[in-house]
Every structure is written in C-alpha cells, then in structure tokens.
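> Before anything else, here's the structure in question.
The values are calculated or read from the model by the stated rules, or taken from the named source; none is laboratory data. This one's a predicted model, so the numbers in the text were calculated from it and none came from an experiment. Positions of Cβ are backbone-derived with ideal geometry, glycine not excepted, and every protein chain shown enters the neighbour counts. In case anyone asks, the SASA skips ligands and DNA or RNA and just uses the protein heavy atoms, side chains included. Shrake-Rupley method; radii C 1.70, N 1.55, O 1.52, S 1.80 Å.
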Amino acid sequence: DADALVFSARGLPTGASFEDNGNGIGEFVWVPGYDQAGVYENIEFTVSDGKESARETISIRVQKEPSPVIDSRLYIQPIAKKTIKEGSISRIGVVATYAKGAVVDLTLDGAPAFVQLVVLKKTETRMSALLKCAPDYQDAGTYEFNVTLADSAGNQFVQRCVLVVRDVSPAPVIRVSSEEHVREKGQKIIPVTVSNADGDAVKVWIEGLPSFCAFNIYYNNSQWVWGGVRCKPGRGKAGTYEMTIIAEDAQGYRDVQTLLLNVIR
C-alpha cells in the first residue's frame with residue numbers, strides 16, 4: 001500500500017549494529033571477534049508500516065578461528081569483493097590484528113570519495129572497522145583501493161578491496177497495464193505507480209484523458225507515487241481511447257507509457 005517502512009532489531013550480539021536507512025532497507029552489520037565463537041539465538045528483526053508489522057527471528061553460529069597474529073606481524077583479514085547500487089548505503093567490515101602494545105593506524109589509499117573508514121573498536125591486539133559506502137547516481141564503475149595497517153616502526157600490511165557500483169537509472173519508472181476494458185455504464189479503477197530511485201520529486205500527469213475518467217494520486221513521497229485512473233463511461237461512449245501517462249522528476253528525466261482503454265457497448 002506504499003506506506004513508509006520502519007525497521008528495528010533487538011537481541012543483537014555484542015558489537016553488532018542495525019540501521020534503518022530510511023529507504024525501505026534495514027542493514028545488520030557484525031564483525032565478530034575471536035572471542036565470540038558460539039551460537040547467538042533470538043535475534044529479532046521487525047518491519048512495520050504503522051498499521052501492521054512482520055517479525056523474523058534468526059540464529060547465527062560463529063565458528064572458532066585462530067588469531068592470525070603470528071610472530072607479531074600486522075594483519076588485515078581478506079575483504080570480499082562487494083557489489084552495490086548507486087544511491088544506496090552499504091557497509092563492509094574490516095578486521096585488523098597486531099602485536100600487543102603496537103601503535104597502529106588504519107587508513108585508506110586510493111578509495112573513492114564516497115567511501116569512509118569508520119573505526120568501531122580498538123583493543124590492544126585487534127581493531128574492527130567499517131567501510132561506509134554511499135555512491136551517488138554518477139558513481140557507477142569498479143573501484144580498487146587499499147586498506148593499510150601500519151605501525152610506528154614503519155611496518156605495514158596492505159589488503160586490497162574491490163567495490164563494484166552498479167548503474168541505477170535516475171529516470172522515474174511508470175508501472176501501468178498497457179490495455180484495459182470496461183463496459184458502458186460500468187466503472188473501472190486502473191492502478192498507476194511510479195518509482196524514482198534517486199529520490200527527486202516527481203510530477204505525474206495524463207494527456208488524452210477521456211472526459212469520463214479522472215486521475216487521482218493517493219500517495220506521493222520522494223521515491224514512490226501511487227495513483228489510479230477512475231473511469232465511468234456512460235451510454236454512447238463505446239470505443240478505444242488512448243492515454244499517455246508521463247512522469248518527470250526535478251532534473252527533467254521522464255518516463256512515458258501508453259494506456260489503451262476499450263469501452264465495450
């Protein structure tokens with residue numbers, strides 16, 4: 001019904017986080033430490049539209065792994081290749097380990113401007129961090145950059161990171177059936193929805209609307225427009241009517257769809 005969705009979580013393990021991005025996506029992030037092996041139960045995620053809600057409860061098993069710190073060497077766990085979409089927000093976990101008492105720093109080299117390094121926790125031998133990625137709608141492409149862990153003696157460990165940003169068209173997208181039928185003296189409501197991934201305000205209008213039809217918008221926010229064409233043809237209105245539905249955002253991007261209405265005698 002196009003109501004805004006609100007996400008929440010409870011029962012999260014220590015060090016885990018959950019964020020409602022405000023765009024219909026909730027994101028759970030956890031980089032478990034070497035002392036957190038075990039089973040974590042009753043992790044609950046909830047989504048609500050203000051009227052109804054749905055819940056999902058999960059369990060996570062963390063396997064025991066040996067610490068990669070060997071002979072006081074610096075180390076960053078491998079970072080898996082990540083693919084995200086333009087206009088989204090994503091987080092990549094980073095775990096670095098080092099000898100007890102070492103003075104270390106974690107930095108990015110060659111990362112795009114939309115990637116930010118956020119240190120979550122730092123102990124005597126371990127650091128957990130996030131790469132917060134928020135590409136805009138002009139940032140599609142493949143990016144390779146380094147995450148570097150360095151100590152005060154000049155030693156360093158470099159881990160390569162590959163980030164793929166997929167293109168998302170900034171133009172609005174209209175969803176409507178291409179052809180509908182209604183009888184004279186009958187009534188029909190034809191749903192019209194418009195999605196707009198880049199969040200710009202959208203205007204929607206119809207050209208060639210028959211006199212016995214009306215277009216109403218029921219819901220409109222920065223990403224969705226939901227409306228309907230209400231048609232109630234009287235006697236003598238039999239025939240085929242062609243309507244052009246147009247959606248245009250603030251940057252001038254638009255989508256155009258044709259709707260044929262057949263009025264049956």
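> What about residue 235, is it more than 29 Å from residue 85 (Cα to Cα) and out of contact with any strand residue (DSSP E or B) (no Cβ under 7 Å at 6 or more places or on another chain)?
When the stated conditions are applied, residue 235 passes them.
> Which members of the stretch 42-57 meet the condition of being in a strand (DSSP E or B) and either in contact with a Pro (Cβ under 6 Å, 6 or more places away or on another chain) or surrounded by 13 or more Cβ atoms within 10 Å (Cβ to Cβ) (or both)?
If the condition is that a residue be in a strand (DSSP E or B) and either in contact with a Pro (Cβ under 6 Å, 6 or more places away or on another chain) or surrounded by 13 or more Cβ atoms within 10 Å (Cβ to Cβ) (or both), then 43, 44, 45, 46, 47, 48 are the ones that fit.
> Please verify whether residue 224 is open to solvent by 50 Å² or more (accessible area, probe 1.4 Å), farther than 30 Å from residue 118 by Cβ and touching a Ser or Thr at 6+ places or on another chain (Cβ under 7 Å), treating the condition exactly as stated.
yes
> Another question, if that's okay. Of the conditions (1) surrounded by 12 or more Cβ atoms within 10 Å (Cβ to Cβ); (2) modelled with pLDDT under 95, residue 108 clears all except one; give me its number.
(2) is the only condition that residue 108 fails.
> Out of curiosity, is residue 218 surrounded by 14 or more Cβ atoms within 10 Å (Cβ to Cβ) and not hydrophobic (A, V, I, L, M, F, W, C)?
So residue 218 fails the test.
> Condition test on residue 144, is it in contact with a Lys or Arg (Cβ under 8 Å, 6 or more places away or on another chain), open to solvent by 30 Å² or more (accessible area, probe 1.4 Å) and not in a strand (DSSP E or B)?
Answer is no for this residue.
> Which ones in the stretch 122-141 are part of a loop (DSSP other than H, G, I, E, B) and not hydrophobic (A, V, I, L, M, F, W, C)?
123, 124, 125, 135, 136, 137, 138, 139
> Taking the condition of being open to solvent by less than 40 Å² (accessible area, probe 1.4 Å) and more than 19 Å from the chain's Cα centre (by Cα), how many residues in the stretch 17-33 meet it?
The qualifying residues number 2.
> Considering only the stretch 159-170, I want to know if a residue exists there that is farther than 29 Å from residue 86 by Cβ, in contact (Cβ under 8 Å) with a residue 12 or more places away in the chain and open to solvent by less than 80 Å² (accessible area, probe 1.4 Å). Even if it seems obvious, please write down each step before you answer.
Just the residues of the stretch 159-170 that are farther than 29 Å from residue 86 by Cβ, to begin with: none.
No, the stretch 159-170 contains no residue that is farther than 29 Å from residue 86 by Cβ, in contact (Cβ under 8 Å) with a residue 12 or more places away in the chain and open to solvent by less than 80 Å² (accessible area, probe 1.4 Å).
> Any chance the stretch 68-82 includes a residue that's more than 28 Å from residue 13 (Cβ to Cβ) and either open to solvent by less than 90 Å² (accessible area, probe 1.4 Å) or not basic (Lys, Arg) (or both)?
Yes.
> May I pose another question? Out of the stretch 4-16, which residues are closer than 25 Å to residue 87 by Cα and open to solvent by 40 Å² or more (accessible area, probe 1.4 Å)? Please lay out each step first, then the result.
Step one: filter the stretch 4-16 for residues closer than 25 Å to residue 87 by Cα, giving 4-9, 16.
Those that are closer than 25 Å to residue 87 by Cα and open to solvent by 40 Å² or more (accessible area, probe 1.4 Å): 4, 5, 6, 7, 8.
> Sticking with this structure for a sec: Hey, which of the strands (runs of 3 or more DSSP E) in the stretch 160-265, taking only ones fully inside, have at least 2 residues that are of a type in the set (Asp, Glu)?
179-183, 239-249
> Also, I was wondering about something else. Against the condition basic (Lys, Arg), in a strand (DSSP E or B) and farther than 14 Å from residue 33 by Cβ, how does residue 73 come out, does it pass?
Working: basic (Lys, Arg): yes; in a strand (DSSP E or B): no; farther than 14 Å from residue 33 by Cβ: yes.
Against the criterion (basic (Lys, Arg), in a strand (DSSP E or B) and farther than 14 Å from residue 33 by Cβ), residue 73 does not qualify.
> Before we move on, is residue 173 closer than 30 Å to residue 231 by Cα, of a type in the set (A, V, I, L, M), surrounded by fewer than 16 Cβ atoms within 10 Å (Cβ to Cβ) and in contact (Cβ under 8 Å) with a residue 24 or more places away in the chain?
yes
Conditions tested, residue by residue: (1) touching a Gly at 6+ places or on another chain (Cβ under 8 Å); (2) free of Cβ contacts under 8 Å to residues at least 24 places away in the same chain; (3) closer than 18 Å to residue 127 by Cβ.
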{"residue": "12", "(1), (2), (3)": "no, no, no"}
{"residue": "15", "(1), (2), (3)": "yes, no, yes"}
{"residue": "21", "(1), (2), (3)": "no, no, no"}
{"residue": "28", "(1), (2), (3)": "no, yes, no"}
{"residue": "31", "(1), (2), (3)": "yes, no, yes"}
{"residue": "48", "(1), (2), (3)": "no, no, no"}
